[in-house]
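The values are calculated or read from the model by the stated rules, or taken from the named source; none is laboratory data. In this text, all values refer to a predicted model and were calculated from it rather than measured experimentally. Note that each Cβ is placed from the backbone with ideal geometry, even for glycine, and that neighbours are counted across all protein chains shown. Quick note on the areas: whole protein, heavy atoms, side chains included, nothing else; ligands and nucleic acids left out. Shrake-Rupley method; radii C 1.70, N 1.55, O 1.52, S 1.80 Å.
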Amino acid sequence: MNTPSYNLNTVAYNINTVQKAFDFQAETGLIAAAVSNLVGIQDYHSGEHPRSLFTLNGHKGRVNAVRWIG
């Protein structure tokens, strides 16, 4: 029996409803978005749609702000 394989191209999520829940770094094309109690990182320049790279887990409460530094 063959096991099906899948290619995940896009991840959609609803960012938190606070003013600083999203930040874009123009130099690298990276997006940081506060999503419930984690931070999602996406690559804006990865093609037709931003590609989800990874999430930063471990926050005990809702993430209210994200910001690129440097």
Taking θ = phi - 60°, what integer Hz values does the Karplus form 6.51 cos²θ - 1.76 cosθ + 1.60 yield along the stretch 57-64, in sequence order, with x for Gly and Pro? 9, x, 6, 7, x, 5, 7, 9
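Can you give me the relative contact order of the chain as a percent, contacts being Cα pairs under 8 Å and 6 or more apart?
On the way: 127 pairs, mean separation 22.1, N = 70.
The value is 32 percent.
Once neighbouring chains are kept in place and the probe is 1.4 Å, which whole percent of the accessible area of the chain is contributed by carbon and sulfur? Don't jump to the answer; show the numbers that get you there.
Details: 2900 of 5550 Å².
C and S fraction of accessible area: 52 percent.
With a sphere of radius 9 Å drawn around the Cβ of Ala32, what net charge do the other residues whose Cβ falls strictly inside it have (Lys, Arg +1; Asp, Glu -1)? Numbers along the way, then the final one.
On the way: positive: Arg67; negative: Asp23.
Charge balance near Ala32 sits at 0.
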State in Å² the accessible area per residue of the chain; use a 1.4 Å probe, count heavy atoms of protein chains only, and round to the nearest integer. 79
